[in-house]
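Below are the structure tokens for one structure; questions will follow.
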Amino acid sequence: METYYLLIVEEYSVRRDSCGAGESRSGCGIKKIYRFLADGSITYQDDRAYTYPYGMAGGKPGASSRKTLIRASGEQVDLPSKVSDVPVYEGDHLIFETAGAGGVGDPLSRDPEAVAKDVRWRLISSEVAATEYGVVLGEDGAVDPGATEARRGELCEGRGETNSSTTARSRRSQTNARQSPRRSASSTSGSPARWGRTGAANGNG
């Protein structure tokens, strides 16, 4: 892209905490940061800005998409999921974040070791591990079994459930989800895909 278009891709990474929590967590969205090297305009099409990618069988929705234009002056402009001919100038940045997908099954039934691995891989934060999955990690990143059991008990109590009932319900929900023809919604991704010296850019999601 940088060979043909007057821009630089400064970052292409996983969007942390964008995946829907679940016994089977969803995939994460992508974060891309573009820096424009010349004046021009951008056009792109994406989705899931106002509707969250739904979860199934007790799974949580993924994060919605988000687009932010940062002017060279420092001004930040929130953009919708679809734009046409938005002026950009040399030194401006576009932060293009796609949506995550929806999780499947109760997050409190996810294997704590799998949650710890997700934190190590920077797919989710330790805060989300505790609030969504009820998994407490030590300073070394290892699962704290006692604190995790207590935290999950607190979250279940807040629902009016017990750990055992949550696990049983999750297993039933997972079975139903596998038998259902529907699948959790995933994101569409897009990016400014055409850029020339005339200053025109276009991308499809």
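Under 5 Å between amide hydrogens, which residues at least 5 positions from residue 82 or on another chain qualify, with H placed 1.01 Å from N in the peptide plane?
Result for residue 82 returns 46.
Also: Using a basic spin-label model with each label point 7 Å from the Cα along Cα→Cβ, how many nm lie between residue 39 and residue 54?
A separation of 4.7 nm, rounded to one decimal place.
Kindly write out, for the range 70-85 in residue order, the coupling ³J(HN,Hα) from the Karplus curve 6.51 cos²θ - 1.76 cosθ + 1.60 (θ = phi - 60°), rounded to whole Hz, with x marking Gly and Pro.
Rounded to whole hertz, the list is 10, 6, 4, 6, x, 5, 10, 10, 6, 10, x, 6, 9, 9, 9, 6.
Taking the range 7-184, how many lysine pairs are there with alpha carbons less than 17 Å apart, if each pair must be eight or more places apart or span two chains?
Final tally of qualifying lysine pairs is 5.
Okay, next question. Using amide H atoms built in the peptide plane, which far-off residues or other-chain residues are under 5 Å from residue 124 H to H?
Correct list: 17, 119.
Can I ask one more? Roughly what percent of Cα-Cα pairs across the range 7-184 reach past 26 Å?
42
Just so you know, all these numbers are worked out from the coordinates, no wet-lab data involved. Please read these numbers as outputs of a predicted model, since none were measured by experiment. Here Cβ is always computed from backbone atoms with ideal geometry, including for glycine, and neighbour counts include all displayed protein chains.
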